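Report on one structure; see the data block that follows.
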Amino acid sequence: MFDLTPARRKDAGNQLHALSRGQIKDALLAPAHTRLLKAADAIPRWTLVTRLGGRHLDLDAGAMAQMSKAQREEFDVRVRAGAAQGFQYLYETYPLYDKWHGGVLADEAPVFAELFGVLNSADFLDPMREVLDAPEISFADAQLTRYRAGHFLTTHDDGVAGKNRVAAFVLTLSEGWQKDWGGALAFQAIDGRVIDRFVPRGNTLSLFKVPQPHEVTPVAADVTAHRVSVTGWLRTGKDPGPQAGR
């Protein structure tokens, strides 16, 4: 499914050694990329995630799309207020890790069940251990994410106690994304300055070591395309099971 040749691994390893982040272009074999893009369009139900009142919320994305304009404007005001006060996010997700452990991924999204199995096989984990110089990596968690107009993820560093995250990965599936649409993975210095930016490119695997301050910049309000990616972390220790992947 992946095309992680020695030359690609060496180049990515050099990037990660120098900057603690890097990318592998054309990471998937072309037929696999095509299959995953098609499968993403067929996901049965997306969840809209955000924080309100200091709590994480999982909302039915389909139901939210049916809200009146006034209701949605009120919701968006509350979400933006949360962003002004601290860590905030708004995007859609399909939780591959939880679905896998719940035993329903193969029925709901068989192509992504195949991908999740590969992400946790030696065919993927061994190259990741090599490029990250992290032989202790033992498993990967993952979710399918979709950023649409107005969606964003504010600055954070992924360093959560007990999660044992060595590195984060973003496997971008969507094609044709434009630089001025937003939705970029922006890396920041301690003082908040943006020091690097990965614009979404189809069939590109982005990797960065944890902790590292970063954000997903807001998708412009007039964008009709979707930024679709498989995101997750490469972790150490024993896989703790469902609801522990976030």
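The values are calculated or read from the model by the stated rules, or taken from the named source; none is laboratory data. From a predicted model like this one, the values you see are computed outputs, not experimental measurements. Cβ coordinates were reconstructed from backbone atoms using ideal geometry, including for glycine residues, and neighbour counts include every protein chain displayed.
Can you spot a residue in the range 63-76 that is at pLDDT 95 or above and part of a strand (DSSP E or B)?
no
If I ask for residues that are surrounded by 17 or more Cβ atoms within 10 Å (Cβ to Cβ) and either acidic (Asp, Glu) or outside any loop (DSSP other than H, G, I, E, B) (or both), which ones from the range 2-12 would you list? Spell out the reasoning first.
Within the range 2-12, the subset surrounded by 17 or more Cβ atoms within 10 Å (Cβ to Cβ) is 2, 4, 8, 12.
Those that are surrounded by 17 or more Cβ atoms within 10 Å (Cβ to Cβ) and either acidic (Asp, Glu) or outside any loop (DSSP other than H, G, I, E, B) (or both): PHE2, ARG8, ALA12.
Quickly run through the range 38-56 and pick out the residues that are outside any helix (DSSP H, G or I) and surrounded by 13 or more Cβ atoms within 10 Å (Cβ to Cβ).
Selection gives ILE43, TRP46, THR47, LEU48, VAL49, THR50, ARG51, LEU52.
Do we find a residue being part of a helix (DSSP H, G or I), modelled with pLDDT of 95 or more and in contact with a Gly (Cβ under 9 Å, 6 or more places away or on another chain) anywhere in the range 17-37?
Within the range 17-37, one or more residues are part of a helix (DSSP H, G or I), modelled with pLDDT of 95 or more and in contact with a Gly (Cβ under 9 Å, 6 or more places away or on another chain).
Any chance the range 224-246 includes a residue that's β-branched (Val, Ile, Thr), under 17 Å from THR145 (Cβ atoms) and over 15 Å from the mean Cα position of the chain (by Cα)?
For the range 224-246, residues β-branched (Val, Ile, Thr), under 17 Å from THR145 (Cβ atoms) and over 15 Å from the mean Cα position of the chain (by Cα): absent.
Residues of the range 70-105 being closer than 17 Å to GLY241 by Cβ and either among the hydrophobic types (A, V, I, L, M, F, W, C) or free of Cβ contacts under 8 Å to residues at least 40 places away in the same chain (or both), which ones?
LEU96, LYS99, TRP100, GLY103, VAL104, LEU105
Search the range 89-123 for residues being assigned to a loop (DSSP other than H, G, I, E, B) and hydrophobic (A, V, I, L, M, F, W, C), and hand back the single one that is farthest from ALA168 (Cα to Cα).
Per the criteria, the residue is VAL104.
Only one of these is touching a strand residue (DSSP E or B) at 6+ places or on another chain (Cβ under 6 Å), in contact (Cβ under 8 Å) with a residue 24 or more places away in the chain and surrounded by fewer than 18 Cβ atoms within 10 Å (Cβ to Cβ): ASP141, ASP158. Name it.
Working: ASP141 fails: surrounded by fewer than 18 Cβ atoms within 10 Å (Cβ to Cβ).
After ruling out the rest, the residue left standing is ASP158.
Looking only at the range 89-110, which residues are more than 17 Å from the chain's Cα centre (by Cα) and either within 23 Å of THR5 (Cβ to Cβ) or buried (at least 21 other Cβ atoms within 10 Å of the Cβ) (or both)?
Residues satisfying the conditions are LEU105, ALA109.
In this structure, does ALA168 turn out to be farther than 19 Å from THR217 by Cα, in contact (Cβ under 8 Å) with a residue 12 or more places away in the chain and crowded, with 21+ Cβ neighbours inside 10 Å?
So ALA168 fails the test.
Would you mention how many residues in the range 144-183 are of a type in the set (S, T, N, Q) and closer than 10 Å to TRP233 by Cβ?
Total satisfying the criteria: 1.
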